[in-house]
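The values are calculated or read from the model by the stated rules, or taken from the named source; none is laboratory data. No experiment lies behind these values; they were computed from the predicted model shown. Here the Cβ positions follow ideal geometry from the backbone for every residue, glycine too, while neighbour counts run over all protein chains shown. Only protein heavy atoms, including side chains, enter the accessible area calculation; ligands, DNA and RNA are left aside. Shrake-Rupley method; radii C 1.70, N 1.55, O 1.52, S 1.80 Å.
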Amino acid sequence: MSGQEINPFPNPVDAIMDPTVSRQSFTSNAALKRRASPSFEGLGEDTSRKRIKEEQDDSGVRSEETTNSLLSRFNYLDEMAEELQCGCCSELVYRPVIVMPCQHFFCGSCCVLWIRNGGTNCPACRGLSTVVAPFRALQGVIDTLLRAAPHKARTERERQQADEIYKTGNIMRIPAPREASPEPNLNLSAEYARPCPHCAPNNAYGWRCPQPIPDPSLDLDHAWHLEDGTPPGHAHCGNCENLLAVQAPTTTKCDFCQVAFCGIGVQGRCLAAPLISQHPHGLADVGDLIQSADVYECFDSNAVEVDIMLDYLSAQRLTPRHIYREIVAFIQSQPRGFSPLIEQELFTDIHGVSAASDLNSESPRNIICRLCATEVLLWGLRDWWVRERQKGFLEEAVTVRQDCPDGSGCERQREHAHAREFNHIITPLPEPQISEPTEENFTNGLLNRERILIQGETIAPPAPEVTDTVPLLEFGTDAPTSSTPRPTSQSFVIDTMQDIPFLNFAIRSGI
């Protein structure tokens with residue numbers, strides 16, 4: 001123990017922290033380290049080269065692995081973006097909606113355009129669909145994808161156009177395919193007319209035509225030739241176009257187009273019904289209004305105003321039939337009723353069959369067919385929307401828009417930017433109504449002026465003194481007297497334009 005030097009600092013950290021330790025102590029301690037084995041002497045240079053080469057090989061492997069990882073990531077993003085493409089525009093879906101029950105997804109704007117262009121099923125599988133709802137779960141996936149790959153996003157212009165067509169969160173409905181009418185039974189025989197359902201004896205309807213049409217397959221000699229026109233007592237149905245008996249109990253006639261309907265061919269369609277209970281043809285719900293080009297023509301192709309109206313109808317749960325009934329009630333409240341529509345020949349040649357003549361445009365209109373009901377709705381739709389806007393249920397963003405300087409007939413309202421900035425549904429100012437003068441009004445006017453003269457007041461409004469004279473109408477004379485200065489009693493002066501009707505009435509009456 002005495003011959004061995006003891007290190008007072010077994011821990012090198014303690015030695016460093018002690019200021020009493022000298023530099024020589026560290027030097028002596030470093031000399032105590034064991035030298036490398038002789039087998040490793042002279043290999044330092046070769047070993048260093050080998051290590052550098054290995055490190056270079058390792059760095060090359062790592063860089064290659066990093067490149068492969070990035071390529072794999074980009075390929076994954078591309079594949080994911082391809083899987084999330086819209087089935088209509090083949091781009092990354094924007095504001096996605098899901099079609100039920102098939103669960104195919106599309107851009108919201110693409111689905112709206114599909115419905116407007118007459119789509120009645122899913123754009124992908126053509127299956128019968130009911131509801132189109134926002135796909136919020138997929139929207140989260142798309143947001144994550146765009147954070148990793150921002151270059152996959154749609155352009156700003158495309159997003160603006162899509163937002164103008166579809167508003168996020170709206171639920172839509174794809175209209176069901178319309179039921180096709182049966183094929184007409186007109187020309188089963190190219191030369192002869194076929195009997196109507198009431199021509200056969202003991203038919204199922206309990207009534208027989210007084211002038212039945214012979215069946216050409218049974219009695220060709222007495223068959224009715226088509227070149228001779230329509231058989232007497234018969235007409236063609238405005239819907240199914242088959243022959244009908246005019247006097248049959250099931251036959252109805254539209255008071256607007258003067259076309260008869262059989263009431264047998266297609267239930268609910270081969271029928272003219274009372275005004276309020278009729279259904280407009282082809283306009284069962286808001287979805288039918290969206291895909292109707294006639295609706296956009298009613299608003300001069302202003303798609304912005306039409307979209308505002310359609311959003312309002314969806315929010316208020318209003319149907320085209322509700323609008324039709326209010327339009328009918330408004331027309332009936334007018335002095336001339338439906339006469340202006342008849343004079344415009346609005347209901348002429350809307351069916352493919354001949355109609356009876358309408359001799360009196362002022363005749364009552366109580367029964368209407370489906371096509372004429374649609375014409376009434378489209379004719380009054382814009383004015384109905386003007387009246388509906390005045391109820392104050394629209395959003396403030398719609399009502400605060402300024403009226404277009406060019407008015408409701410502006411040619412630029414087809415442009416989305418211009419239509420969004422200005423309002424083109426402008427309420428026309430009421431026309432001034434000038435009432436015809438009557439004897440009672442004339443007498444009251446004379447009494448009022450006589451009362452003013454008796455009280456010593458001046459009838460004429462204050463005005464600068466003039467030297468011109470005015471014609472006077474003396475009481476008890478047949479015509480105005482010669483020009484004299486302004487009177488002060490027992491005469492009234494024609495000073496304003498409102499007195500001219502009274503003057504004309506007095507001259508005609510000889511007062």
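Kindly list, by first and then second residue, each pair from a residue in the range 408-419 that is of a type in the set (Ser, Thr, Tyr) to a residue that is open to solvent by less than 60 Å² (accessible area, probe 1.4 Å) and not in a helix (DSSP H, G or I), limited to pairs with Cβ atoms under 7 Å and residues at least 6 apart or on different chains.
Sorted first by the residue in the range 408-419, then by its partner, the pairs are 408/424; 408/425; 408/426.
Identify all residues within the range 327-340 that are crowded, with 18+ Cβ neighbours inside 10 Å and part of a helix (DSSP H, G or I); write none if there are none.
Listed by number, the residues that qualify are 327, 328, 331.
What are the residues in the range 344-380 that are part of a loop (DSSP other than H, G, I, E, B) and of a type in the set (Ser, Thr, Tyr), if any?
Listed by number, the residues that qualify are 348, 354, 357, 361, 363.
On the basis of being modelled with pLDDT of 90 or more, surrounded by 17 or more Cβ atoms within 10 Å (Cβ to Cβ) and in contact with a Phe, Trp or Tyr (Cβ under 8 Å, 6 or more places away or on another chain), does residue 324 make the cut?
Here the answer is no, as residue 324 does not meet what is asked.
For the range 354-377, how many residues are surrounded by fewer than 19 Cβ atoms within 10 Å (Cβ to Cβ) and either in contact (Cβ under 8 Å) with a residue 12 or more places away in the chain or within 28 Å of the chain's Cα centre (by Cα) (or both)?
10
Here is a check on your reading of the model: is residue 383 open to solvent by 40 Å² or more (accessible area, probe 1.4 Å), out of contact with any Leu (no Cβ under 7 Å at 6 or more places or on another chain), part of a loop (DSSP other than H, G, I, E, B) and charged (D, E, K, R)?
It is false that residue 383 is open to solvent by 40 Å² or more (accessible area, probe 1.4 Å), out of contact with any Leu (no Cβ under 7 Å at 6 or more places or on another chain), part of a loop (DSSP other than H, G, I, E, B) and charged (D, E, K, R).
Tell me yes or no: at least one residue of the range 62-69 is modelled with pLDDT under 90, of a type in the set (Lys, Arg) and farther than 28 Å from residue 132 by Cα.
Yes, there is a match, as at least one residue in the range 62-69 is modelled with pLDDT under 90, of a type in the set (Lys, Arg) and farther than 28 Å from residue 132 by Cα.
Give the residues of the range 299-317 that are touching a residue at least 12 places away in the same chain (Cβ under 8 Å), open to solvent by less than 30 Å² (accessible area, probe 1.4 Å) and not charged (D, E, K, R), sorted by residue number.
299, 302, 303, 304, 308, 309, 310, 312, 313
Search the range 388-432 for residues being closer than 30 Å to residue 345 by Cα and under 17 Å from the mean Cα position of the chain (by Cα), and hand back the single one that is surrounded by the fewest Cβ atoms within 10 Å (Cβ to Cβ).
Only one residue fits best here, namely 414.
Could you tell me how many of the residues in the range 221-240 are open to solvent by less than 50 Å² (accessible area, probe 1.4 Å) and aliphatic (A, V, I, L, M)?
Count: 2.
Answer yes or no as to whether residue 238 is over 30 Å from residue 330 (Cβ atoms) and not hydroxyl-bearing (Ser, Thr, Tyr).
No: the conditions fail for residue 238.
Look at the range 293-322 and say how many of its residues are hydrophobic (A, V, I, L, M, F, W, C) and farther than 25 Å from residue 400 by Cα.
The total comes to 1.
State which residue is farthest from the chain's Cα centre (by Cα) when the search covers only the range 246-296 and only residues that are free of Cβ contacts under 8 Å to residues at least 24 places away in the same chain and open to solvent by 40 Å² or more (accessible area, probe 1.4 Å).
The extreme case among them is 246.
Can you tell me which of 293, 315, 303, 284 is closer than 24 Å to residue 161 by Cβ, small (Gly, Ala, Ser) and in contact with a helix residue (DSSP H, G or I) (Cβ under 8 Å, 6 or more places away or on another chain)?
Sole residue among the options that is closer than 24 Å to residue 161 by Cβ, small (Gly, Ala, Ser) and in contact with a helix residue (DSSP H, G or I) (Cβ under 8 Å, 6 or more places away or on another chain): 303.
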